[in-house]
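Worksheet for the structure shown next.
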Amino acid sequence: MVRVPLTDEERERGERLGQALRTARAGRSMVDVAAEAGISVETLRKIETGRIPTPAFFTVTAIADAVGLPLDELRATVASTPSPPLSQAS
């Protein structure tokens, strides 16, 4: 399977995601957050630094839950343009 290269926008969105999660982690250690989220510290590090710009949804939700960041707030922080409400999305 050939993976399509990410666009600049997708890479930038991944960097915003990582920054938002790192900021929400605040003073907690990566080890504590990764353990609570059920992922490896290396995976958390890669997401926070933008090296994994498109992590799996369930990974993002696990990290957001671990740091107490509501998904709506995370979405608003990461989105470069507002998304339509779910009732209007196709």
For the chain: relative contact order, % (alpha-carbon pairs under 8 angstrom, 6 or more apart): 36
Treating the angle as unsigned and between 0 and 90°, give the value, to the nearest 10°, between the Cα long axis of helix 57-67 and the longest Cα principal axis of the chain. 50
Inverse of <1/r> over all distinct C-alpha pairs of the chain, i.e. the Kirkwood Rh in Å, gives 13.7
Of all accessible heavy-atom area on region 8-77, the percent that carbon and sulfur account for (1.4 Å): 52
Could you please put Asp32, Asp72 in sequence from largest to smallest accessible area, using a 1.4 Å probe? Asp72, Asp32
Before rounding to the nearest 500, sum -39500 (n - 2.57) across all DSSP H runs of length at least 4 in the chain and divide by the residue total; then give [θ] at 222 nm in deg cm²/dmol. -17500 deg cm²/dmol
Ignoring ligands and nucleic acids, Val78 exposes an accessible area, probe 1.4 Å, in Å² to the nearest 10, of 20
Accessible area in the full protein assembly, largest first, 1.4 Å probe, for Ile39, Ile63: Ile39, Ile63
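The values are calculated or read from the model by the stated rules, or taken from the named source; none is laboratory data. What you see is a predicted model, and the numbers here were worked out from it, not measured in a lab. Accessible surface areas use protein heavy atoms only, side chains included; no ligands, DNA or RNA. Shrake-Rupley method; radii C 1.70, N 1.55, O 1.52, S 1.80 Å.
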